[in-house]
Amino acid sequence: MIAVVQRVSSATVCVEETGYRAAIGRGLLILLGVEKDDGVREADWLAGKCARLRIFCDEAGLMNRSVLDVGGEALVVSQFTLAGDCRKGNRPSFDRAAPPEKAEALYEYFVNRLRAVEDVKTQTGVFRAMMEIELVNDGPVTLILSTAGLPC
């Protein structure tokens, strides 16, 4: 799994076709890509890492607080293009991306893990929809997390 995690002051996702809208205040915008070999182990690890990632400032201005510590929220948006391989040619290859059924199941599992186990108030995008995302990046602070190379 691959996640682009951005510390935000606010973020919104909209699906124009259906009128769907989800928004958060202070917290994390998590763009989540699921790869073929991913499973619940990777989703568990990544959800825990996102929830406890210390990227919010404490009283001294140091990044010592997690989204949990600051009472923040998360907005999780599926993004299969994170599994794109651009090393050859000019058109990305998405061979590493999980098939939609598997990706959706692991995306939902990740979101439920954040909500139920990690206790992060979480909003979502709409799986396989064309979405518009607006965010106010706080910092900016943007990190790329990957489960590649996790020990067995």
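Every number here is computed from the coordinates shown, using simple stated rules; none is lab data. Note that the coordinates shown come from a computational prediction; the quantities given were computed from them, not determined experimentally. All Cβ positions, even for glycine, are placed from backbone atoms using ideal geometry, and neighbour counts span all protein chains on display.
General remarks:
- All lysines inside 30 Å of LYS121 as judged from Cα atoms, apart from same-chain residues fewer than 8 positions distant: LYS36, LYS49, LYS102
- A Gaussian network model of the chain, with springs between Cα atoms under 10 Å, assigns the largest mean-square fluctuation among PHE127, PHE56, PHE94 to PHE94.
- Residue order, fewest to most beta carbons within 10 Å, for TYR109, TYR20: TYR20, TYR109
- Antiparallel content of DSSP bridges confined to the chain, in %, to 5: 75 percent
- Taking every C-alpha pair closer than 8 Å and separated by at least 6 residues, the mean separation divided by the residue count of the chain gives a relative contact order of 37 percent.
- Of the trypsin sites (Lys or Arg not before Pro) found in segment 22-117, those in coil by DSSP whose Cβ has at most 14 other Cβ atoms within 10 Å are LYS36, ARG54, ARG87, LYS88.
- Centroid-to-centroid separation of segment 83-152 and segment 13-34 [C-alpha atoms, Å]: 12 Å
- Summed over qualifying helices (DSSP H, 4 residues or more, each -39500 (n - 2.57)) and divided by its residue number, the chain shows a 222 nm mean residue ellipticity of -5500 deg cm²/dmol.
- Label separation (LEU68 vs THR81): 3.3 nm, computed from points 7 Å beyond Cα along the C-beta direction.
- Here is the list for segment 38-92: GluC sites (Glu not before Pro) lying in DSSP coil, each with at most 13 other C-beta atoms within 10 angstrom of its C-beta, are GLU59.
- Counting all C-alpha pairs of segment 81-152, share separated by more than 16 Å (%): 70 percent
- Estimated inter-spin distance, THR142 and VAL15, nm [label 7 Å along Cα→Cβ]: 2.5 nm
- From least to most packed, judged by other beta carbons within 10 angstrom and beginning with the fewest, MET130, MET1, MET63 follow the order MET130, MET63, MET1.
- Residues SER93, SER10, SER78, arranged from fewest to most other Cβ atoms within 10 angstrom of their Cβ, appear as SER93, SER10, SER78.
- Electrostatic dipole magnitude of the chain [Cβ: Lys, Arg +1; Asp, Glu -1; Cα centre; debye, to 20]: 280 debye
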